[in-house]
1. Just grab the label-to-label distance for Cys23 and Leu517, each label 7 Å out from Cα along the Cβ direction, in nm (one decimal).
2. Strictly over 27 Å apart at the Cα level, which of Lys159/Lys289; Lys289/Lys440; Lys189/Lys440; Lys215/Lys289; Lys189/Lys558; Lys382/Lys558 would you flag in this model?
3. Would you calculate the separation in nanometres between label points at Trp256 and His304, each defined as 7 Å from the Cα along the Cα-to-beta-carbon direction?
4. Taking the mean number of other Cβ atoms within 10 Å as a proxy for protection, how do you rank 437-444, 270-277, 129-136, 562-569 from highest to lowest?
5. Any idea how far apart Arg436 and Tyr43 come out in nm if each label point goes 7 Å out from Cα toward Cβ?
6. Take Ile266, Ile484 and sort them by solvent-accessible surface of the protein heavy atoms, 1.4 Å probe, largest at the top.
7. Could you give the length gained on full extension between Leu238 and Ser85, defined as 0.36 nm per residue of separation minus the Cα-Cα distance, in nm?
8. Under 1.5 on a/c is rounded, so check that first for segment 159-246, then, if it is not, pick prolate when a/b is larger than b/c and oblate when it is not; a ≥ b ≥ c are the square roots of the alpha carbon gyration tensor eigenvalues.
Amino acid sequence: MAHNYIEIDPVLNALGPVGIFACLQCFLYFLGFIPDSYQLFSYVFTAQDVEHSCAALQPNANESLIPELSSDWLNSTTVLYDRCSIYLTSNISGDVITKDYPCLYGMQYEEPKETSIVSEFDLVCGRTPLAGLTHTVMGFGTGLGSFLFPWLSDLYGRKRVFLAAVSLGLALNLVNGFAPGYTMLVVCKFFLGFTQAGIGLVSVTAGVELFPSSKRALFSGFFGTLWWAMCIASLAPLAYLLRSYSWRTLQLALSWGPALVLVLAIFIKEPVRWLVANGKIDEAEEVLKQAARLNRKDPQSILHVFHSLSLHESEPPLLSVNGEKHPLPGETTAKEEEKQEPRSSLFEEGEGHLQKDWAGSVEILEEKLSFLDLLRHRLLRKNILLSVFIWFVDSLIYNALYLMSDQMALDLYTSFFLNSLVEGASCILMVFMLSRFGRKPTLVLFHVIAGIGLIASSVCSHYKDVSGVHITGTVVSLLGKMGIGGAFNTMFMFTPEIFPTNIRNRALGTSSACATLGMMISPYGNILADYAIWAPGAVFGACCALAVLCLLALPESKDRELPQTTHDVEMWYNDVTSTKKKYRCCERSGQEESVYD
């Protein structure tokens, strides 16, 4: 049978593919990148390491903890207060005795104690993993939010869920700034990660849906990723200006991002694609009227284009068999259907007014898809499994390169700023590649660059004592950062493009949630390097190669209408070669192949 679906691009093109309305809405949704990036990377500054040593014995302290420090022994004892131990060397009647004790009298920091969570909560020495645990817990929250928020936004709309996540994030950020203890800090970090996933994923999805297919790479791709890099870069000067203050001051200062979004919330509208896909035609018409007025277009002309949209009939592939054209088994052509019933349209003229053909169109507009459809539908399952693996690899490599960037001979603020700049530089290469060659070649190139950068950085770290190698290691580390930054940003745009509207955000969320696993595993690369310096580069290089193979199996989305239904996804895979193979298979088996198991 012929299948129907709605094309939204004609309406968006009539409004102006780069009109004021679409650009303004994209900017408002992308403002969510500010709190999103701040919460993701603020750990670098709020949990920075502070030089420390064991505190010395105070006058009122208990001398019995270390007997050698008592007045009777002190004249014959040499004391060294190291970072995590107190070393004592005693010379008693010519016998030299060496002992070491933990920091029994507390810690002494070179900076004010409130400079970092590390110094305020004494997360040093044996408690060092507790500092990293705050970021790990945030990753768990991000993973959970990546599953829940996309589902909520597919169900209730992008705008509502976006603003709810921003509001919750603002409240949690304020609570985090006043956290009285470590436990409260960890709890706040978990929920901040939870909301951070909702803000980022909904922003990306809305940005993709606001533009027609011909402009998605430029606006959702280039400007979106460039803005993301600028948001990250803006954190470095802010942290530098507040470096003399408490980490709590910096944490509270980060609240300006979500506060700005909420102030401008009145101007945010629901994307037309989501409204149409969920049968909210009246609301879609109202948004189109507002867009037309802002773009200085005639609202009635825009509505006329919208009303004239027919449910697009896509003919099933016709294959040549013995010189005759035949549809696939179980399919009928549009001409055959016309003999059975008239073609339905989205709107039909009534008596002087427009009437919606609900019987013929709403079933298509409101194709309800659950999370299980990602696994039940053969092609959706293929897309999600391959996407999940690529996201995992990208997250693993990105964090591994980030952890190895400490070989840069620069201070913390400059190193962080340069890392964000090279990620912004990848945007220029990305937009050129996306518009000229498409999504898949772009992703392949970035994965190759990332793999080479990681391998070279590992080699340089092994020979860092050789003259000039330290500088080379810094350069290749930045090169790898550029590659993985471009790959991550491209995947953020590419993933929503290969899934239907009503499951698009959940697919993006699932991929993002699995990426958090890569973030959690990446620190173990350093441990692996202790056993074999070449091993991390070899493992991650192999992962890059596997990611490239996965990319080759996915469809190209360049210059294609975003899929509204599962049938649209099927049509992407129905090229001539694949349909011929399918037809021959069906001829031999005498059975019709289904996209569902």
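1. Between Cys23 and Leu517, the label points sit 4.2 nm apart.
2. Details: Lys159/Lys289 18 Å; Lys289/Lys440 37 Å; Lys189/Lys440 35 Å; Lys215/Lys289 21 Å; Lys189/Lys558 38 Å; Lys382/Lys558 19 Å.
From Lys159/Lys289; Lys289/Lys440; Lys189/Lys440; Lys215/Lys289; Lys189/Lys558; Lys382/Lys558, over 27 Å: Lys289/Lys440; Lys189/Lys440; Lys189/Lys558.
3. Each label point is offset 7 Å from its Cα along the Cβ direction, giving 4.8 nm.
4. 270-277, 562-569, 437-444, 129-136
5. About 3.7 nm, to one decimal.
6. Of Ile266, Ile484, the descending order of accessible area is Ile266, Ile484.
7. So the extension gain works out to 51.5 nm.
8. Oblate, since a/c reaches 1.5 and b/c is not below a/b.
The values are calculated or read from the model by the stated rules, or taken from the named source; none is laboratory data. The model shown is predicted, which means the values in this text are computed figures rather than measured ones. A quick note on method: Cβ atoms are made from the backbone with ideal geometry, for glycine too, and the neighbour counts reach across all protein chains shown. All accessible areas refer to the heavy atoms of the entire protein, side chains included, with ligands and DNA or RNA removed. Shrake-Rupley method; radii C 1.70, N 1.55, O 1.52, S 1.80 Å.
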